[in-house]
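What follows draws every value from the coordinates through simple rules; no lab data is involved. What you see is a predicted model; the values in this text were computed from it and never measured. Backbone-built Cβ (ideal geometry, glycine too); neighbour counts: all protein chains shown.
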Amino acid sequence: MMEYREGKFCYINGSVLTAEEAAAKHPGIRPDPAATMSRQILDTHNKSDDPSQMRITFDSLVSHDITYVGIIQTARASGLTEFPMPYALTNCHNSLCAVGGTINEDDHVFGLSAARKYGGIYVPANTSVIHQYAREQLAGCGAMILGSDSHTRYGALGTLGVGEGGPELVKQLLGNTYDIPTPQVVLVYVTGRPRPGVGPHDAAIALCGALFPKGYAKNKILEFVGPGIANLSMDFRIGIDVMTTETTCLSSIWETDEAVANYYRIHGRADRYSKITPAEGACYDAMIELDLSKLESMIALPFHPSNAFTVHELLANAGDILRETELAAEKSWNGKVSLRLTDKITKDGILIDQGIIAGCAGGMYDNICEAASILKTGSAGNGYFSLSVYPSSLPVQLALLKNGVIASLTESGAILKPCFCGPCFGAGDVPANNGLSIRHTTRNFPNREGSRPGDGQLAAVALMDARSIAATAARGGLLTAATDIEYDASHAPYTYDPAPYERRVYNGWGKPLASEELRFGPNITDWPEMSPLADSLLLRLCAVIHDPVTTTDELIPSGETSSYRSNPEKLSQFALSRRVPDYVPKAKEVRKAEADRKAGRIDPEYAAAYEALTGTALTAAADEAGKPAAVGFGSVIFANKPGDGSAREQAASCQKVLGGMADLCYEYATKRYRSNCINWGILPFTIPQDDPFEYESGDFIYIPGIRKAVRDGIPEVEAKILSDGKIYPLTLTLTGLTSDEITILLEGSLINYYALQRKEKLA
């Protein structure tokens with residue numbers, strides 16, 4: 001079904017050859033990394049003269065309503081006057097307006113006022129999920145889009161999409177660049193044709209299962225070519241493409257063909273199509289062979305999209321496999337709560353509690369049409385199982401209304417709901433305690449579905465394709481592979497009607513109304529003051545996490561917390577709340593100690609720790625205005641591999657608001673989380689993989705001369721850690737910083753960095 005092959009590969013005359021084969025058969029063709037589709041697009045957007053480092057400008061930006069307020073507030077404080085490129089503000093995350101009184105709708109009103117003032121695009125709540133709008137209205141062959149959402153992927157449309165934290169969008173709004181090492185490119189060679197019942201999520205889950213565990217795609221670009229692509233509809237390609245995020249790749253791109261041309265044509269944007277294909281001799285850093293004909297109905301069990309099994313494999317070994325998931329849950333929550341998935345096993349199979357088809361991956365036209373076909377002669381039933389379906393945009397919903405699909409689904413007992421991303425991150429459709437939900441959405445991380453282990457609640461999500469979800473629904477919730485049933489998969493082709501967008505979306509691109517005022521609600525607050533990096537740091541461990549991977553959902557939970565993302569202080573109270581409940585009070589104690597230090601009062605415990613670590617006394621002295629302190633206090637967390645998942649910068653900014661100064665880990669799960677740390681002035685340290693981190697929350701770490709080390713680009717700093725009255729050496733690595741990132745860390749945050757730039761311009 002799928003094979004990963006390391007080494008150099010070349011694409012010549014439509015065939016893939018190893019570097020050695022290419023040299024022997026085509027000696028006149030020089031292998032060229034710049035001939036890949038990825039590099040062709042990147043190079044046209046690159047402003048750097050350094051072949052190893054890129055400085056990228058994007059063609060357009062996209063954000064949703066849990067990120068755009070902070071982005072605009074930061075850019076506004078840094079001198080923003082108008083949006084320099086099309087910037088779409090969608091409202092698909094805080095659409096329920098059910099938490100915190102008026103604050104969600106206050107954010108929406110702010111978004112519309114910003115679109116009017118600065119010349120942006122405003123997509124009202126329940127009109128479209130962020131990525132469907134970008135596909136329909138912003139994508140273009142050869143273009144690049146930057147989004148403040150990790151699933152910013154439009155490669156099937158010939159567009160390089162990159163998902164990053166909000167500060168990277170701020171940089172684009174202010175005329176700066178997105179700076180990355182020139183990425184490696186992995187070829188995905190697609191052959192075969194999927195058999196009936198196999199859908200895009202089956203391919204995506206298989207891809208994640210093959211690539212994520214070993215980091216094969218981390219920070220690389222996946223490039224899809226091959227004869228099998230022609231056998232896939234656009235929705236099928238898009239459904240695979242959006243899930244490449246879960247491999248931790250940087251981006252993805254596909255060959256374009258007549259199907260892509262038709263997609264642009266029916267959306268009234270035929271001029272955005274062009275043929276994209278690798279040039280002769282395109283050279284790749286690795287290769288994946290994907291045979292579509294060998295794909296089966298798949299399921300990704302909790303708690304990651306890469307926890308992949310075939311449905312048949314799970315059904316045949318249900319007891320053993322589900323027990324392993326239960327044990328993983330017990331280990332993650334230290335036995336405080338339990339998940340009883342083996343209770344779902346009956347003599348007839350595995351009973352599921354809930355099915356969801358939604359969002360940028362599931363809510364596509366083809367998925368919903370095929371689900372309706374499967375349910376045509378069945379029923380979701382009146383038992384514990386329920387099925388909800390969310391179209392991805394109003395144009396998709398309108399097409400489903402016109403061709404009778406929504407009527408058919410409604411007759412089957414499915415519940416049709418509006419365009420909304422909520423089921424993907426716990427804002428709506430939270431299962432019952434100990435419930436198991438199967439979802440055609442993008443993620444199934446721990447508690448992302450909205451349960452609260454701290455309150456004794458625990459539920460779980462498994463990812464499946466819409467087809468198998470519908471097949472399961474047709475049997476009243478008994479887990480079923482869609483490949484095991486017969487149904488008519490044919491349906492009317494998609495007919496796009498732009499009326500919902502034309503009559504409701506505000507498109508002010510290129511027409512800023514500078515005299516209009518922004519509209520603020522009481523929950524929209526400014527960022528607290530952030531100090532520059534001190535000469536030396538005395539840090540206190542406030543969380544130690546030894547899980548193999550720590551997701552951004554664990555660093556800052558999603559769901560109801562999203563409503564507070566316009567209020568940094570309120571949001572920070574949720575940091576690590578579902579993983580390390582005592583992190584916030586401990587971090588606040590450190591923050592208070594730092595505030596006292598600035599006021600000339602030294603906490604006795606910190607004074608004693610400093611003296612033990614340095615042999616000298618720490619005297620109380622207030623900082624001079626605008627100058628770094630000789631010694632600063634801050635909190636720090638350790639996690640084996642933090643940052644998998646969402647692009648949300650709040651996973652880092654909440655730590656900063658609480659007084660965080662550094663992260664320690666063996667490696668960062670994604671480039672975007674490490675970037676978020678830097679942009680919020682959090683030092684992204686790593687330690688050697690073979691150095692067991694056996695220290696505990698409450699221990700002190702002293703890092704002398706850190707400001708000079710950062711300023712001079714010193715890759716390793718020697719620190720000391722005070723644990724249980726003993727002192728141990730600790731080597732911290734800090735590599736790969738650009739000159740801008742160095743300045744950001746020295747100034748204490750990206751906000752301070754832009755303040756410095758304004759000051760220098762005025763001078």
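Here are some notes:
- Each of residue 415 and residue 617 was given a label point 7 Å from its Cα along the Cα-to-Cβ line. The distance between the two points is 6.7 nm.
- Net length available on complete extension from residue 49 to residue 718 is 237.4 nm, with 0.36 nm assigned per residue and the Cα-Cα distance removed.
- For segment 196-208, 3J(HN,Hα) computed residue by residue from phi via the Karplus equation (6.51, -1.76, 1.60; θ = phi - 60°) reads x, x, 8, x, x, 5, 5, 5, 5, 5, 4, 5, 5 Hz, glycine and proline entered as x.
- Residue-wise HN-Hα coupling along segment 61-77, computed from phi with Karplus coefficients 6.51, -1.76, 1.60 (Hz; x: Gly, Pro): 10, 9, 8, 10, 7, 10, 10, 5, 5, x, 5, 5, 4, 5, 5, 4, 5
- P(r) tail for segment 60-176: Cα pairs beyond 23 Å make up 24% of the total.
- Of all DSSP-defined beta bridges confined to segment 515-656, some 0% are antiparallel rather than parallel.
- Dipole of segment 238-302, positive direction: furthest Cα of 298, 287, 251, with charges on the beta-carbon: 251
- 3J(HN,Hα) along segment 333-340, derived from phi through the Karplus expression 6.51 cos²θ - 1.76 cosθ + 1.60 where θ = phi - 60°, amounts to 9, 6, x, 6, 9, 10, 10, 10 Hz, with x in place of Gly and Pro.
- Inter-probe distance in nm under a simple model that places probes 7 Å from Cα toward Cβ, at residue 598 and residue 516: 3.6 nm
- Ordering of 703-710, 547-554, 589-596 by packing is 547-554, 703-710, 589-596, highest average first (other Cβ atoms within 10 Å, averaged per residue).
- Note on residue 506/residue 82: beta-carbon distance plugged into 1/(1 + (r/R0)^6) with R0 of 22 Å gives a FRET efficiency of 0.90.
- Förster-model FRET efficiency, 41 Å R0, residue 690 and residue 758, C-beta, rounded to 0.05: 0.35
- Peptides 363-370, 104-111, 317-324 ranked from most to least packed, by the mean per-residue count of other Cβ atoms within 10 Å: 363-370, 104-111, 317-324.
- When only Cα pairs below 8 angstrom with a gap of at least 6 residues are kept, segment 60-176 shows a relative contact order of 31 percent.
- In the chain, the DSSP-assigned H stretches of four residues or longer account for a calculated mean residue ellipticity at 222 nm of -9000 deg cm²/dmol, using -39500 (n - 2.57) per stretch and the full residue count as denominator.
- Highest-first arrangement of 431-442, 26-37, where packing means the average Cβ count within 10 Å: 431-442, 26-37
- Length available on full extension from residue 320 to residue 492: 0.36 nm per residue minus the Cα-Cα distance, which gives 57.7 nm.
- Summarising the amide proton neighbourhood of residue 363: residues at separation of 5 or more, or on other chains, whose placed amide H is nearer than 5 Å comprise 358.
- Kirkwood Rh, angstrom, segment 536-762 [1 / mean 1/r, Cα pairs]: 17.8 Å
- Taking the DSSP bridge list for the chain and keeping only pairs wholly inside it, about 40 percent are antiparallel.
- Note: segment 382-471, Cα convex hull, 93 Å³ per residue.
- The simple spin-label model puts a point 7 Å past each Cα toward its Cβ; for residue 484 and residue 376 those points are separated by 2.2 nm.
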